[in-house]
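A short worksheet on the structure shown next.
The values are calculated or read from the model by the stated rules, or taken from the named source; none is laboratory data. Please read all numbers here as calculations on a predicted model, not as lab measurements. So basically every Cβ, Gly included, is an ideal-geometry build from the backbone, and we count neighbours across all protein chains shown.
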Amino acid sequence: MPDRRYPDVLVVGGGIIGLAIAWRARLRGLSVTLLERDRTGAGTSRVAAGMLAPVAEVEFGAAGRRVLELGLRSAALWDAFAAELADASGHELAPSRAGTMLLARDDDEARELERQLTFRGSLGLRIERLRPSQAREREPSLAPTLRLALEAPDDRAIDPRPVLEALRAACERAGVELREGAHVARVELDGERERVRGVALAGGELIEAGEVVLAAGAWSEAIVGLPRAARVPVRPVRGQIMRLRDPAGAGLLGRTVRFSGGYLLPRGDGRYVLGATMEERGFELAPTAGGIYALLRDAHELVPGVSELEIEEIAVGLRPGTPDNVPAIGRSGLGGMIWATGHHRNGILLAPLTAELVVGIIDPDATRADAAELLASCDPARLAEPPASGAEPLIASAGARP
């Protein structure tokens with residue numbers, strides 16, 4: 001009988017996080033197989049707007065500051081990541097540098113922006129307060145009823161669709177085995193050692209690996225087989241989004257504008273992304289008239305010209321959210337398995353950093369100097385449920401259902 005062979009790394013999930021990890025791991029000389037339930041890059045990553053905007057996205061509280069730190073570190077990697085990926089794939093990639101403007105429509109929203117200004121200033125972030133006239137000088141399409149604006153000049157964006165195409169091409173060129181239509185049903189455990197030995201597909205096929213990386217996004221909890229103390233709760237947060245086009249070409253906006261209820265992001269070629277709702281409605285993927293109406297109504301109040309744009313696409317994405325909306329990146333508590341999920345609204349932004357952190361766990365020679373600090377902030381153990389008294393051990397017998 002021939003020797004049984006299996007990859008050094010098995011990545012579950014073919015969105016931007018999984019593809020980036022697979023590519024980076026292969027560049028370290030590791031054999032890599034990636035499993036995707038649908039087509040690589042066809043899920044939430046494809047729907048995303050692609051904002052690289054840690055300053056605009058930062059939220060109050062300790063969790064928000066942890067996400068900010070991760071975002072700032074990852075944003076600093078994006079230029080080199082995009083350049084290397086372009087060379088490896090032959091695809092052109094160009095993060096925009098236009099910045100983000102936060103807008104207020106009325107006095108209540110203006111007061112909130114003042115609070116946001118103070119908060120970002122306390123964190124040492126570069127942010128500028130603009131009077132309505134100043135904001136309209138920079139973006140003439142803004143409505144004359146604008147009350148206040150803030151500008152975050154360091155925030156950027158990138159279209160995730162070319163990035164996903166480039167990552168797929170780079171993975172294929174590097175020798176990553178990409179298996180599409182591979183629906184992972186469960187994690188398989190080694191009954192003698194406290195470790196994961198592989199995964200089982202819905203059709204029953206067992207795939208073993210040296211390390212399993214769970215990067216399945218909002219579908220992470222659908223993969224069963226882990227004991228209670230090694231699980232990470234991930235929920236889908238629904239977002240409806242529109243892609244619009246100006247037949248006259250670029251010019252309506254130069255910067256991304258954010259407002260209460262959404263954002264309008266220019267691609268620079270006459271196309272725009274309008275999004276995104278935040279809905280806790282499970283895995284429902286059908287867009288609704290109410291959600292799309294709300295996006296258009298709110299955008300029209302601040303950028304009236306949006307009503308003249310043509311609709312190219314309406315889509316729904318499912319952001320993977322953890323209870324504190326901080327990603328789960330790191331060991332699961334079991335040997336042989338690493339979590340890389342729960343990136344919520346920041347999957348595109350955090351892809352380069354997540355890939356570096358995960359590959360550094362697998363290959364200590366690739367570990368970042370600040371890895372321990374960053375991994376502590378997104379340790380999956382903070383989310384694990386303690387085992388019930390007298391309940392399952394950390395490791396169940398091989399093949400047994402939890």
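Restricting 302, 274, 252, 296 to residues that are farther than 20 Å from residue 346 by Cβ, in contact with a helix residue (DSSP H, G or I) (Cβ under 6 Å, 6 or more places away or on another chain) and of a type outside the set (Gly, Ala, Ser) narrows the list to 252. Applying a threshold of 8 Å to beta carbon distances and a minimum spacing of six or more residues, or different chains, the list of pairs starting in region 136-149 at a residue that is in a strand (DSSP E or B) and ending at one that is surrounded by fewer than 15 Cβ atoms within 10 Å (Cβ to Cβ) and polar (S, T, N, Q) reads 149/134. Taking the conditions exactly as written (surrounded by 15 or more Cβ atoms within 10 Å (Cβ to Cβ) and either among the aliphatic types (A, V, I, L, M) or at pLDDT 95 or above (or both)), does residue 370 satisfy them or not? So residue 370 does not fit the description; no.
With the requirement that a residue be under 20 Å from residue 152 (Cβ atoms) and among the hydrophobic types (A, V, I, L, M, F, W, C), what does region 83-107 give you? Break it down into steps so the answer makes sense when it comes.
The initial filter retains those residues of region 83-107 that are under 20 Å from residue 152 (Cβ atoms), namely 94-105.
Passing the criteria: 94, 98, 101, 102, 103, 104.
Taken together, 290, 317, 282 contain a single residue that is at pLDDT below 95 and either touching a strand residue (DSSP E or B) at 6+ places or on another chain (Cβ under 7 Å) or surrounded by fewer than 22 Cβ atoms within 10 Å (Cβ to Cβ) (or both), which is 282. If the condition is being of a type in the set (A, V, I, L, M) and either at positive phi or surrounded by 14 or more Cβ atoms within 10 Å (Cβ to Cβ) (or both), then region 193-217 contributes 196, 199, 200, 201, 207, 209, 212, 213, 214, 215, 216. Restricting attention to region 91-107 and to residues that are at pLDDT 95 or above and part of a strand (DSSP E or B), the residue that is surrounded by the fewest Cβ atoms within 10 Å (Cβ to Cβ) turns out to be 104.
So for region 42-55 (the condition being more than 15 Å from the chain's Cα centre (by Cα) and surrounded by fewer than 18 Cβ atoms within 10 Å (Cβ to Cβ)), does at least one residue qualify? Please lay out each step first, then the result.
First, the residues of region 42-55 that are more than 15 Å from the chain's Cα centre (by Cα): 55.
Narrowing further to those that are surrounded by fewer than 18 Cβ atoms within 10 Å (Cβ to Cβ): none.
No: zero hits.
Among the conditions (1) more than 17 Å from the chain's Cα centre (by Cα); (2) among the small types (Gly, Ala, Ser); (3) on the phi < 0 side of the Ramachandran plot, the only one that residue 220 does not satisfy is (1). For region 165-192, taking the residues that are in a helix (DSSP H, G or I) and of a type in the set (Lys, Arg), the one that is surrounded by the fewest Cβ atoms within 10 Å (Cβ to Cβ) is identified as 173. Listed by position, the strands (runs of 3 or more DSSP E) inside region 266-352 whose residues that are touching a Leu at 6+ places or on another chain (Cβ under 9 Å) and hydroxyl-bearing (Ser, Thr, Tyr) number at least 1 are 271-275, 337-341.
To keep it simple, each residue is scored yes or no on (1) touching a strand residue (DSSP E or B) at 6+ places or on another chain (Cβ under 7 Å); (2) modelled with pLDDT of 95 or more; (3) not in a helix (DSSP H, G or I).
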{"position": "110", "(1), (2), (3)": "yes, yes, no"}
{"position": "116", "(1), (2), (3)": "yes, yes, no"}
{"position": "121", "(1), (2), (3)": "no, yes, no"}
{"position": "124", "(1), (2), (3)": "no, yes, yes"}
{"position": "133", "(1), (2), (3)": "no, yes, no"}
